[in-house]
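Colleague: Take a look at the following structure, please.
The values are calculated or read from the model by the stated rules, or taken from the named source; none is laboratory data. Nothing here was measured: the structure is a model prediction, and the numbers come from that model. Counting neighbours? That spans all protein chains shown, and the Cβs are built from the backbone with ideal geometry, glycine included.
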Amino acid sequence: MRGRLIVFEGVEGCGKTTQLEKLRQWFVESGWFAKLLAQGQLQQLITTREPGGTLLGLAIRQLLMGQTGQEPIQDRAELLLFAADRAQHVEGFLRPHLEQGAMILCDRYTDSTVAYQGYGRGLNLSLIAQLNQLATQGLESDLTLWLDLDVEIGLARSRRRGTLDRIEQSDLAFHQRVQQGFATLAHTYPNRIVRIDASAAEQKVADQIQIVLQQRLADWYRV
Ligand code: T5A
């Protein structure tokens with residue numbers, strides 16, 4: 001049995017974390033989880049995130065998100081830290097759970113590296129593709145939900161919630177390039193990446209995601 005990997009992506013404050021939790025709740029409350037469990041098609045429902053889905057990843061996350069005083073993190077060092085987090089996450093967590101038949105909801109994955117380090121920082125896209133391949137050993141998401149939101153609205157939401165982290169503090173042009181990266185990826189991989197209008201109220205965003213999930217679940221499990 002092989003599980004499924006569903007990823008949430010988007011710019012800062014787009015609502016990934018909120019929607020991931022809403023989808024988890026819906027999956028249980030709608031009866032989908034119980035049904036697939038009873039049919040032996042699924043074993044577990046779990047949530048995770050990048051960076052920070054493992055113990056090593058949590059330590060890397062603190063390095064990446066925090067301030068490093070007088071010594072800025074160089075762009076290629078940042079890229080390699082995200083890749084190290086992912087390699088640990090894929091091999092130590094994602095793959096074993098998928099092999100046991102888990103449905104995994106994951107906050108960010110490979111597309112974030114393309115969007116942030118590739119489009120945002122301007123690092124070489126084919127180098128990033130190679131690093132993503134090295135870190136994942138070819139493990140792609142079964143579905144990626146791109147929560148499409150205007151960058152300034154997302155940053156305003158993040159600001160309202162509290163202090164901005166190291167990456168959130170980057171200038172507006174950086175975040176706009178990241179957004180362009182996600183838009184290009186969604187255009188390039190229309191089957192894997194589904195665009196969700198994240199500007200609506202929380203429940204309206206959740207409704208869009210549930211419609212997409214109903215269709216995918218029916219395709220995947222033929223039910
Ligand atoms: N990164 C990550 C890279 O550069 N490269 C990589 O390879 C990877 C994997 C990770 C950081 O690392 C970078 C990207 C990021 O900078 P993160 O943990 O994903 O960090 O952090 P954020 O993207 O900043 O995630 P947040 O948790 O801050 O934001 P979310 O998850 O997008 O949004 P959420 O759900 O927490 O909501 C933010 C606020 O908006 C409200 C919420 O209540 C909350 O206050 N909100 C809404 N308000 C109005 N309408 C809605 N529909 C709303 N939905 C949520």
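Colleague: I need the full set of residues from the range 48-68 which are more than 11 Å from the ligand (Cβ to nearest atom), in contact with a Gly (Cβ under 7 Å, 6 or more places away or on another chain) and in a helix (DSSP H, G or I), in order please.
Modeller: Leu58
Colleague: Within 9 Å of the ligand (Cβ to nearest atom), in a helix (DSSP H, G or I) and either closer than 30 Å to Gln43 by Cβ or in contact with a His (Cβ under 7 Å, 6 or more places away or on another chain) (or both): does that describe Ala87?
Modeller: no
Colleague: Right, another one. Would you check if Leu145 is closer than 16 Å to Arg108 by Cα, at pLDDT 95 or above and in contact with a strand residue (DSSP E or B) (Cβ under 8 Å, 6 or more places away or on another chain)?
Modeller: Answer is yes for this residue.
Colleague: Look at the range 189-207 and say how many of its residues are more than 11 Å from the ligand (Cβ to nearest atom) and more than 17 Å from the chain's Cα centre (by Cα).
Modeller: Number of matching residues: 1.
Colleague: Let me ask something additional. Looking at (1) within 27 Å of Gln88 (Cβ to Cβ); (2) touching a Phe, Trp or Tyr at 6+ places or on another chain (Cβ under 6 Å); (3) in a helix (DSSP H, G or I), which is the only condition Gln180 fails?
Modeller: (1)
Colleague: Determine, yes or no, whether Thr136 is closer than 27 Å to Ala84 by Cα and away from the ligand (no atom under 12 Å from the Cβ).
Modeller: No: the conditions fail for Thr136.
Colleague: Of these, Val11, Val28, which one is of a type outside the set (Asp, Glu) and crowded, with 21+ Cβ neighbours inside 10 Å?
Modeller: Val11
Colleague: Looking at Glu78, Glu71, can you tell me which residue is in contact with a helix residue (DSSP H, G or I) (Cβ under 7 Å, 6 or more places away or on another chain), under 26 Å from Tyr119 (Cα atoms) and either among the acidic types (Asp, Glu) or more than 9 Å from the ligand (Cβ to nearest atom) (or both)?
Modeller: Glu78 is the lone residue from the list that is in contact with a helix residue (DSSP H, G or I) (Cβ under 7 Å, 6 or more places away or on another chain), under 26 Å from Tyr119 (Cα atoms) and either among the acidic types (Asp, Glu) or more than 9 Å from the ligand (Cβ to nearest atom) (or both).
Colleague: For the range 169-186, how many residues meet the condition of being loosely packed, with under 15 Cβ neighbours inside 10 Å, more than 17 Å from the chain's Cα centre (by Cα) and not aliphatic (A, V, I, L, M)?
Modeller: Looking only at that region, the number is 2.
Colleague: So the check is Cβ under 7 Å with 6+ separation or different chains; which pairs have a first residue in the range 138-155 that's touching a residue at least 12 places away in the same chain (Cβ under 8 Å) and closer than 19 Å to His97 by Cβ and a second one that's among the small types (Gly, Ala, Ser) and not in a helix (DSSP H, G or I)?
Modeller: Partner pairs satisfying both residue conditions: none exist.
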